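The values are calculated or read from the model by the stated rules, or taken from the named source; none is laboratory data. Predicted, not measured: the structure shown is a model, and the values here were computed from it. Neighbour counts run over all protein chains shown; Cβ positions are idealised from the backbone, glycine included. Just so you know, the surface numbers come from the protein's heavy atoms only, side chains and all, with ligands and any DNA or RNA stripped out. Shrake-Rupley method; radii C 1.70, N 1.55, O 1.52, S 1.80 Å.
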Amino acid sequence: MNNEFDWIKSVTPTKTYHSSVKVGIGDDAAIYSHGPNEESVVAVDTMVEGVHFRKDTMPIKSIGYKVLAVNLSDMAAMGASPRYFLVSIAIPKQGWSLEETTEIYAGMNELAERWQIDLIGGDTVSTKGPLVITVTVIGSVITGKRLLRSNAKPADIVFTTGQLGLSAYGLEMLLETGLKVMEDISLRPFMKAHQKPEPQLEAGGLLADSGYRISLNDISDGIAHEAKEIAGASDVDIIIDWDKLVIREEFLEHSLEKQEEWVLYSGEDFHLVGTMSEADFEKISIVFKEHDLQIHAIGNVETGEGRVFLERRGNRSPIKKAGYHHF
């Protein structure tokens with residue numbers, strides 16, 4: 001493979017999943033048609049080597065998988081269905097082989113094939129710095145069914161769609177031992193949570209289809225941070241009840257401070273956190289059970305001014321520590 005264009009051709013999909021794709025890779029821009037009863041949804045995320053991933057903690061294929069997964073998580077948080085994605089990649093001239101870069105695309109394709117999403121374009125450049133991948137996902141949601149952070153009301157139930165802290169715990173094990181820790185069968189749930197997170201698209205779709213008043217956010221930077229975003233957007237206070245959180249048995253061997261770090265602040269779980277009325281929560285819980293999906297009540301919403309509190313055995317204190325921030 002002698003040049004950039006041959007390589008681009010090698011990672012170009014041989015089929016499309018949506019008839020709405022009129023022009024994909026191979027022209028100056030992609031073109032797709034759009035129905036009259038849907039709203040477009042666009043999300044973009046960037047992963048930087050040394051910040052979001054390292055070769056000694058992430059198999060190459062999983063890097064591609066994860067960078068697409070985090071975008072699909074944003075789609076899930078809006079109740080949207082992903083349709084297309086574009087990839088911009090800056091490849092260092094040293095330290096990354098063509099085979100490794102191609103493996104990144106194989107990881108993205110694994111997830112794209114499962115959810116039938118079309119790769120319709122992107123850009124490839126070289127760089128002196130670390131590897132940088134930016135993925136843009138374009139999707140749609142039926143008009144009137146989008147889910148927003150600003151929908152929370154006092155007396156709502158606060159819920160999540162899965163256990164928290166697994167990704168952070170997995171990363172810590174990887175940083176201590178390297179990729180050989182993946183050989184430990186007991187740690188595989190934590191490895192998967194960090195390396196190949198499951199975007200909650202089915203859960204987001206069920207929540208959107210319900211027609212209930214639901215606020216929603218995905219947990220990328222820690223539930224304390226994501227709950228704060230919902231509280232701020234909705235002008236309410238959110239109370240997280242520690243005793244209602246599903247804490248992994250492995251965490252209980254560690255200090256309470258460490259447990260809180262993993263569960264509340266570390267992020268990259270990519271489950272959903274949201275609010276809805278108690279009556280609607282009871283009904284949606286039945287639907288989730290029928291689809292073999294998790295949903296857990298972890299707190300409640302009160303009249304307030306955008307704050308988040310942690311309650312433990314009846315004692316309440318404001319959460320001041322934020323989740324992960326780049327700046």
Note, the range 192-207: 3J(HN,Hα) by Karplus (6.51, -1.76, 1.60, θ = phi - 60°), whole Hz, Gly/Pro = x, goes 4, 4, 7, 8, 9, x, 9, x, 8, 5, 5, 4, x, x, 5, 5
Can you find, among Ile247, His225, Val263, the residue sitting farthest towards the positive end of the charge dipole of the range 138-268, where Lys and Arg contribute +1 and Asp and Glu -1 at Cβ?
His225
Counting only protein heavy atoms and rolling a 1.4 Å probe, one gets per residue an accessible area for the chain in Å² of 48
To the nearest 20 debye, what charge dipole does the range 93-232 have about its Cα centre, counting +1 at the Cβ of each Lys and Arg and -1 at the Cβ of each Asp and Glu?
480
How large is the charge dipole for the range 190-327, taken about the Cα centre, if only the Cβ atoms of Lys, Arg (+1) and Asp, Glu (-1) carry charge, to the nearest 20 debye?
240
Approximate spin-label separation Lys180-His291, in nm, with each point projected 7 Å along Cα-to-Cβ
4.2
In order through the range 276-291: 3J(HN,Hα) via Karplus (6.51 cos²θ - 1.76 cosθ + 1.60), integer Hz, x for Gly, Pro:
7, 5, 4, 4, 5, 5, 4, 6, 5, 4, 5, 5, 4, 5, 5, 9
A 1.4 Å probe over the protein heavy atoms gives the chain a carbon and sulfur accessible-area percentage of 49
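How much of the DSSP bridge set in the chain is antiparallel, in percent, rounded to the nearest 5?
75
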Using eta = 1.002 mPa s and T = 20 °C, Stokes-Einstein with Kirkwood Rh from Cα pairs puts D for the range 209-307, in µm² s⁻¹, at 148
The range 29-181 - charge dipole about Cα centre, Lys and Arg +1 at Cβ, Asp and Glu -1, debye rounded to 20
220
Lys145: which lysines have alpha carbons under 24 Å from its alpha carbon, excluding same-chain residues fewer than 8 sequence positions away?
Lys153, Lys228, Lys283, Lys289
Starting from the Cα of Lys192, draw a straight line to each of the aspartates and glutamates and keep only those under 14 Å, dropping any in the same chain fewer than 8 residues away.
Glu172, Glu183, Asp184, Glu268, Asp269
May I ask which residue of Ala112, Val135, Ile319 lies farthest towards the positive end of the charge dipole of the chain, with charges of +1 (Lys, Arg) and -1 (Asp, Glu) on Cβ and the Cα centre as origin?
Val135
